[in-house]
Each structure stands twice: as C-alpha cells, then as structure tokens.
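All remarks here apply to the structure that follows.
Derivation of every value follows stated rules applied to the coordinates shown; laboratory data play no part. All of these numbers come straight from a predicted model, not from anything done at the bench. Here Cβ is always computed from backbone atoms with ideal geometry, including for glycine, and neighbour counts include all displayed protein chains.
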C-alpha cells in the first residue's frame, strides 16, 4: 500500500486560503457590498459629469435675429468655453414665457437690444450676449465706413503651470483611492477578525490545528481574503478608470491609471500588515462581543492614517505628511497622496516601502507567536504576555 501523503505547508496554506475565499464569495453581504461600491463609483462619476456639464451650457432665446447673430452668440460661447444653444422664438411674448418657465437662461430681443432674464443674467450670459451684439455692431459700422475685415491678431495662451490641472486630477484620484483603500482595509480586517473568533468559539480551530500549525492557518486566512480584497480593489480601479474615460472626466488618462496602480500597490502592503494585526488581536478573545475592544487600537491607527492622508492633499510637502509617510501602518494611506501630488522623491518611496516590508515581517513573526499561544485559549480576554508565554510552553 502507498503511504498516505502528508500535505506540505504550501498545500495547507492554499487549502485554508481556498476555504476562506469559498466562504466569503457565498456571503450575500459581501456580494451586495461589492456591487454597491461599484455602483457608488459610477454614480460619483455621473454626478461629476452632470454638475460639470450644467456649468458650461447656456440656452439663449432669440427674437428677430439673423444667422449672423446666431453665429456670433455661438462664437462668443466658444471663446468663453461655454456651449451655447440658441433657441429662436417668433415674438417677444413667446420668449418671455420661455424665460418665466426657465426653458431658456435668457432671451435676446434683437430689434430692441434687450435681454430678458428670470432673475439675474449672471456674468457669463451677459458677456456672451453683449459680446455677440457688440461684435456685429462693430462689423456693421466698419462696413458703413468702407473698411473691410480687420486683421486682428490671435493672442497665444501660454500656461506657466500647464501640469497643474493634471496634478490636481491625480490628487483627487489619490484621495478617492485612499477612501476606498481605508474602507477595504477595515472591511477585510473585520472579516479576518470575525472568522478567527467564530472558529475559536465553535472549537473548529481545534480540529484545524490537529492537521496544521497555527502560522499555516494564519497565512491561509491572510492569503485567501487578501486575494479577494486585491480582486475587489482592482475591479474598483478598472471600473473607476473606465467610467472616467467613458464620460471624459479626466484630461490625462495615463496619470489616472498610474495613480490607481500606486494605490493598489500600497493596498497590498497595507493589507499584509493590518490583516496580521487584526487576526492576532482577534485571537485574544473568544466572543464577538469582546472583539471591538481588542480591535480598537488598530482601528484608531487606521482612522488617524486616513485623516492624515486626506490632509496631505492640501499640504503634501508639510512636516506631518512627510514624517507619517515613512511610518508603517500610516504610510499606505499617506504616501499615495504625496506621490500623486508629485511631492516625493524616488528614495523616499523606496525608504517607505522598505520600512513597511520590515514592519510586515516583524508583525507576522511576533504576531504569529501570539496567535499560536492564544488560539486554543478560550474563556475571557487573554493578555499578550500570557499568549507569548503559552506559545513558549
């Protein structure tokens, strides 16, 4: 007879990871939350499109005008980066009704040189109408004086900070990414913590540890849920970029894609660290009611990192942003914003990544010992010192 095959560590870790994935993807709450996040992203892009397009459009009514005036109104709108739609009416009464019912922003009575508005013309509408009427008046006077078309030079526009708009879009994308990153770290950290407590309270963990070591169980949990989290944030990134490009929200697609890639890379590092900490903290208790207490310190670190990351958008080169972008646990939510703002050198990124990797190794090694010593201890809350002592024993 062939001797039974003892699974290797890698096989055991993969088995636990597969079990975590299968359990979570069958969870209706997880599926619904994933769909809601994607819908919120698309909705946010649509809101930006609708609000943005509403500011750049004007409907102008016209009574008694000719094709030249229509063309002049549209040309003035183009010069002011406003989409002008001219709606012609047969008489002043029809135009007045349209203004009262707010079907048009204003109505120009060409014969009387009068602009009808509901409440106020606003600077943009007045500039469009006044510019168009003035342009035609000058042209008529020049013609009457026997002067042909003037050779008016076109003024070239040179932006001293041409990259400012693109940089701002990157920062906005990074802030949005940090919000998603923070939400997923909290969400999947809770998933891991709840799973650990459920296994302890139901004594399932005793059966699992009969066939594998505690670190293998911990690694499988982190890997399985990590793959789900990575898949979710990549899907979010793809949907966000796709929606932004489809609705022409961004000017520089390459910058947006690079910012999304940066956020995903920092999510991987942040998840590895926080997932281990959440799992180890959860192993110290045996009841779901006690979970919030042991998770509070780690949750507070995440909250602090989130607010510092948001603040870094307004002052990416400030002392607080620079210092915290090197602190493990804080850097995954601060450094992406600084990178998007262009306020960070390559050596700073390398240092922050190196410190984060060292922190991950340390928390996994020390946390693994705590996890091993606390996992089979049930009853009340276990202290870290007790868990480490039990692991040595």
Extension gain from residue 239 to residue 183, taking 0.36 nm per residue of separation minus the Cα-Cα distance: 18.5 nm
Rough spin-label spacing in nm, given labels placed 7 Å along Cα→Cβ, for residue 345 and residue 190: 4.2 nm
Quarter of the Cα convex hull surface for segment 57-144, i.e. its orientation-mean projected area (nm²): 5.3 nm²
FRET efficiency for residue 83 and residue 314, using Cβ-Cβ distance with R0 set to 35 Å, rounded to 0.05: 0.65
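Go ahead and run the numbers for FRET between residue 296 and residue 46, Cβ-Cβ distance against an R0 of 35 Å, rounding to 0.05. Walk me through the intermediate numbers first.
Working: r = 37 Å, r/R0 = 1.06.
Efficiency at R0 = 35 Å is approximately 0.40.
Roughly what percent of Cα-Cα pairs across segment 164-392 reach past 26 Å?
Working: 10450 of 26106 pairs.
Counting pairs separated by more than 26 Å, the tail of P(r) holds 40 percent.
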Kirkwood hydrodynamic radius of segment 251-315, Cα pairs, Å: 14.1 Å
Extension reserve of the residue 207-residue 287 stretch, reckoned as 0.36 nm per residue once the Cα distance is removed: 26.9 nm
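What FRET efficiency, computed as 1/(1 + (r/R0)^6) with R0 = 22 Å and r the Cβ-Cβ distance, is obtained for residue 258 and residue 227, rounded to the nearest 0.05?
Working: r = 23 Å, r/R0 = 1.07.
Using R0 = 22 Å, I get an efficiency of 0.40.
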Spin-label proximity, residue 383 to segment 281-308 - amide N less than 20 Å from point 7 Å beyond Cα toward beta carbon: 281-287, 290-291, 293-298
Point-to-point label distance, residue 138-residue 304, nm (Cα→Cβ direction, 7 Å offset): 6.2 nm
